[in-house]
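To keep things clear, I will list the structure first and then write my remarks on it.
The values are calculated or read from the model by the stated rules, or taken from the named source; none is laboratory data. These numbers come from a predicted model, not from an experiment. Cβ placement follows ideal geometry from the backbone for every residue including glycine, while neighbour counts extend to all protein chains displayed. In case anyone asks, the SASA skips ligands and DNA or RNA and just uses the protein heavy atoms, side chains included. Shrake-Rupley method; radii C 1.70, N 1.55, O 1.52, S 1.80 Å.
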Amino acid sequence: MESEALTSSSLWRTVAEIERYVAADGWGAPLRLFALVRTADALDRDPGLAHRLPAHVVEEARADPGHLTSVEQDGVPDVADLDELLGQLAWPAGVDGAALVVEKILVPPDAEAEVRAATSSDDEEGRARALAAHPLAEDVRIAVGVLRDGRHECAVRSRSKDSDGEVRTGSDLVPGLVSALQATLAD
């Protein structure tokens, strides 16, 4: 049970670190995707890795068997449909989890229904512009991390409250995105 708690704590810490890392680049960034690997296992497979990682990371991994290292994936295509991209992803067995960070425009459900009623159903671009221009629209950055065993964590930062202390965290903030990312780990 102790290693389970360590892994959950490690996942939460990793998602928070990834969100802060992406936030340092400012707003308007494309989707960012990360493989998550248990650092201790990676060190066992490749002892030379200890010399390439910061000393504090190696020390943390030796103290916490659930410690995770995130590896940003290069070459992620810029796509309009996140579900389509996630539907094409599959991770190899050596990857213990995955994380992604994406920016979205959110509006309250009533405002979204109002925009949907006022726009043509076949004009997705027009609807997206109308939602973005809505006075209640809010830019958010969503970070989600999932592990193969189903554990997951989320972090959400809004542009209007753009500070580390204002980031909302929790496991069930964006359940649809959690499910879609979890599916990329299915065997």
| remark: The percentage of the accessible area of the chain (probe 1.4 Å, all protein chains present) made up of carbon and sulfur atoms, to the nearest whole number, is 51 percent
| Of every Cα-Cα pair in the stretch 136-187, the percent that sits beyond 15 Å | 48 percent
| field | Top of Glu60, Glu112, Glu72 by mean-square fluctuation, Gaussian network on the chain, Cα under 10 Å | value | Glu112
| Counting only heavy atoms of protein chains, what accessible area per residue, in Å², does the chain have with a probe of 1.4 Å? | 56 Å²
| remark: Which of (i) 47, 41, 26; (ii) 59, 35, 32; (iii) 54, 36, 24 gives Cα extents along the principal axes in Å as computed here? It is (ii)
| request: For the chain, build the charge dipole from Cβ charges (+1 Lys, Arg; -1 Asp, Glu) around the Cα centre, then report which of Pro109, Pro65, Ser171 sits farthest towards its positive end. | output: Pro65
| Arranged from highest to lowest average of other beta-carbon atoms within 10 Å per residue, in what order do the peptides 17-25, 119-127 appear? | 17-25, 119-127
| the stretch 91-155: C-alpha pair distances exceeding 19 Å, % | 50 percent
